[in-house]
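Have a look at this one.
The values are calculated or read from the model by the stated rules, or taken from the named source; none is laboratory data. Predicted model, so just to flag it, every value in this text is computed and none were measured. A quick note on method: Cβ atoms are made from the backbone with ideal geometry, for glycine too, and the neighbour counts reach across all protein chains shown. Side chains included, ligands, DNA and RNA excluded: accessible areas come from the protein's heavy atoms. Shrake-Rupley method; radii C 1.70, N 1.55, O 1.52, S 1.80 Å.
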Amino acid sequence: MTTGAHGNRPTKNQRREDARAQAKANRESQVKKEKRRRVFIQVGVIVGILAVVAVIGGVIVSNIPQAGPRPANMASDGIVLTAELDAKGNPTGNIVAVTNAALAPGAAPIATTPVAGKLNIVEYQDYQCPVCKNFDANDSEVIINRVKSGAATYEIHPIAFLNNQSQGTMYSTRSANAAACVANYEPNSFLGFNQILYTNQPEEGSTGLSDEQLISYADQATGTPNGSIADCITKQTFKGWVSEATKRVMDATTLPNSDVKFTGTPEVIVNGAYYDTSKRPGAFANGSFVPADFEAFLLEQAGKMVVPTAAPTPTPTPSKK
């Protein structure tokens with residue numbers, strides 16, 4: 001018996017088994033693909049989470065004050081200005097900075113020891129702060145006259161309290177860094193630079209002055225271009241210190257040599273006493289500080305000082321002949 005042309009054709013049962021085997025292979029292949037897909041999704045989710053964690057961690061780290069170079073002549077986190085004295089110890093009418101070496105990165109600031117018999121006027125300020133400009137415009141002359149006469153010292157602490165008011169340019173930090181650059185390289189020009197920044201203060205909420213403008217004003221204050229100051233401003237050499245100093249002020253239970261807690265800028269403290277304008281009806285007139293009121297406050301604090309007296313000269317004992 002011959003099978004003919006169709007003798008090798010699979011039987012119905014064989015075709016059924018082949019179909020089942022193929023279906024099983026397809027199912028197994030699909031299961032493997034699904035497993036791989038799930039693994040890829042899980043890996044992708046993990047990578048995504050790690051990326052988010054890295055970004056969040058980077059933001060957190062970037063907002064933590066990092067120890068960096070400290071400016072010279074600002075051991076207290078502020079610069080102390082005093083009267084220049086001649087060879088006989090008399091005021092010359094000029095103001096100079098008290099100089100000191102830069103502290104090591106991360107070192108705690110050294111609070112200023114007030115000079116006996118002198119008013120110690122301390123101001124915490126932000127160059128973006130319009131009220132600080134107002135205080136400088138109206139009451140700085142009162143302070144300067146006292147300092148020139150040798151009756152007071154003036155300690156200025158630049159901080160970055162209003163960075164969120166400069167459209168992301170961090171003007172408070174950049175201007176405080178620029179002030180620290182001047183303090184470090186040309187300390188006797190600090191007061192002039194301080195006043196120039198207030199005279200040319202940008203509007204709160206603007207982008208602030210550019211680095212080029214800050215350098216130009218530093219040159220104006222020092223009288224001649226100083227490459228070290230320009231480089232310091234451009235590189236923001238003391239940015240870390242500005243952040244640290246600001247955090248110290250805002251976190252402090254009380255500010256140095258006083259029982260005053262920081263509430264905003266300007267914060268003015270004289271011999272440990274806070275110039276609280278909210279409790280002085282005569283402090284403002286037409287929205288401006290009143291020099292006469294601040295002068296009265298200084299007199300009040302001067303009246304509380306224990307003025308050192310010279311030791312009495314002992315009376316010679318007559319010699320016996």
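Among what's in the stretch 118-135 and is open to solvent by less than 30 Å² (accessible area, probe 1.4 Å) and over 30 Å from Glu203 (Cα atoms), pick the residue that is farthest from the chain's Cα centre (by Cα).
Ranking the qualifying residues of the stretch 118-135, first place goes to Leu119.
Give the residue that is surrounded by the fewest Cβ atoms within 10 Å (Cβ to Cβ), with candidates limited to residues of the stretch 74-107 that are among the aliphatic types (A, V, I, L, M), assigned to a strand (DSSP E or B) and out of contact with any helix residue (DSSP H, G or I) (no Cβ under 8 Å at 6 or more places or on another chain).
Leu85
I've got another one for you. Taking Ala116 and the conditions (1) of a type in the set (A, V, I, L, M, F, W, C); (2) out of contact with any His (no Cβ under 9 Å at 6 or more places or on another chain); (3) at pLDDT 95 or above, which numbered condition does it fall short on, given that it satisfies the others?
Of (1) of a type in the set (A, V, I, L, M, F, W, C); (2) out of contact with any His (no Cβ under 9 Å at 6 or more places or on another chain); (3) at pLDDT 95 or above, only one is false for Ala116: (3).
Then there is this: How many residues does the stretch 283-320 contain that are under 29 Å from Gly78 (Cα atoms), modelled with pLDDT of 95 or more and not in a helix (DSSP H, G or I)?
Within the stretch 283-320, residues that are under 29 Å from Gly78 (Cα atoms), modelled with pLDDT of 95 or more and not in a helix (DSSP H, G or I) number 5.
Right, something else. Loosely packed, with under 14 Cβ neighbours inside 10 Å and among the acidic types (Asp, Glu): which single residue out of Glu203, Glu267 fits that description?
Matching residue, one of Glu203, Glu267: Glu203.
Restricting to the stretch 181-223, name every residue that is touching a residue at least 60 places away in the same chain (Cβ under 8 Å) and in contact with a Cys (Cβ under 8 Å, 6 or more places away or on another chain).
Those that are touching a residue at least 60 places away in the same chain (Cβ under 8 Å) and in contact with a Cys (Cβ under 8 Å, 6 or more places away or on another chain): Cys181, Asn184, Tyr198, Glu204.
For the stretch 49-68, enumerate the residues that are modelled with pLDDT of 60 or more and open to solvent by less than 70 Å² (accessible area, probe 1.4 Å).
Across the stretch 49-68, the qualifying residues are Ala67, Gly68.
Restricting to the stretch 137-191, name every residue that is of a type in the set (Asp, Glu), touching a Ser or Thr at 6+ places or on another chain (Cβ under 8 Å) and outside any loop (DSSP other than H, G, I, E, B).
Glu155
Please specify each residue of the stretch 238-261 satisfying the condition of being part of a loop (DSSP other than H, G, I, E, B) and either among the acidic types (Asp, Glu) or crowded, with 20+ Cβ neighbours inside 10 Å (or both).
Correct list: Phe238, Leu255, Pro256, Asp259, Val260.
Also, quick follow-up: Would you pick out the residues in the stretch 169-195 that are over 17 Å from Val96 (Cα atoms) and either among the charged types (D, E, K, R) or open to solvent by less than 30 Å² (accessible area, probe 1.4 Å) (or both)?
Once the filter is applied, which keeps residues that are over 17 Å from Val96 (Cα atoms) and either among the charged types (D, E, K, R) or open to solvent by less than 30 Å² (accessible area, probe 1.4 Å) (or both), the stretch 169-195 yields Tyr171, Ser172, Thr173, Arg174, Ser175, Ala176, Asn177, Ala178.
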